[in-house]
Amino acid sequence: MKTVLVTGGAGEIGSAICKKFAENGFSVLATYNTNSTKAENLLEELNAIRNPQSEIPNHYIFHAPTTDAQKVNDLKAFVEGKYGKLDVLVNNAGITTPIPHNDLEGMTDEWIDKIMQTNFRGGFAMVRAMRDLLDSASDESKDSSLIVNISSIAGIYGIGSNVAYCASKSAIDSMTRSLARALAPKIRVVSVSPGFVEGEYTRNFDPSYLQNQMDNTPLGRFATGVDVANVVFSLATTMTFSTGNIITVDGGRLLK
């Protein structure tokens, strides 16, 4: 049975990714940081999914903030003991807060550190911890295993919730390219970079700002978590000769 680990699995994008893989027979391991209720609800939904063409997989949730080294090591030990391998790692955990780019005082040192530690350092820590298990999956199947880093078009064009968030996503994309070179051929590494994604987070923005963003999106809507999940799943199953790429899921937003 194939396994996928999704950090930040209880959020809008993370839960859609978890469900997509569960629907296709993967055993899903999802981490969460603060919202245990959402995580428990996600686990119930995953366990309710049945794929008649595969054996019934087991799914798990873990309280494992990516910035907590002990929790990450405990998670690795569980995956190693249960499966001995990891086929797909999705680095989806991330944080931000709306701060206008010209509000330099509002972009405090505390927020800069918090965003960079979670969005960049946390993703790297997960790769570092899970590398051996990803190598083992590649050895077993003879195909490359996969790391997907959920980035953002903010990292490409500097349009996003705040300056530090944009910088963190740019760092993720740079990490993707570096690791794709360093970990090949056993492990592929790809960034998936959405534009705005519908969900709870978009409610933090002024409606006029959101309307402006939508007006500047050629396809006339924001992405959904399912849109992002479909791309991630395709990378794991059909786009198997891609590595080091930055794949946008933005409805053409960068064309404007």
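Values as computed for the structure displayed
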read-out	value
Pairwise label distance in nanometres, Leu104 with Asp206, each label 7 Å out on the Cα-Cβ vector	2.2
Net dipole in debye of the chain [+1 Lys, Arg Cβ; -1 Asp, Glu Cβ; about Cα centre; nearest 20]	640
Extension gain (nm, one decimal) between Asn230 and Glu40, 0.36 nm per residue minus Cα-Cα	66.1 nm
Neighbour net charge for Ala229 - beta-carbon separation under 9 angstrom, K R +1, D E -1	+1
Inter-label distance, nm, simple model (7 Å from Cα along the C-beta direction), Asp74/Ala182	2.7
D_trans [Stokes-Einstein, Kirkwood Rh over alpha-carbon pairs] for the chain, 25 °C, 0.890 mPa s, µm² s⁻¹	133
Leading residue at positive end of dipole, the chain (Cβ point charges), from Val148, Gly9, Asn33	Val148
Burial order of peptide ranges 3-11, 149-157 (average beta-carbon count within 10 Å, highest first)	3-11, 149-157
Label-point gap, in nm, between Ile112 and Arg50 - each point 7 angstrom along Cα→Cβ	5.5
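No value in this document is a laboratory result; all are computed from the given coordinates. Worth saying up front: this structure is predicted, and the values here are computed from it rather than measured. Positions of Cβ are generated from backbone atoms using ideal geometry, with glycine treated the same way; all protein chains shown enter the neighbour counts.
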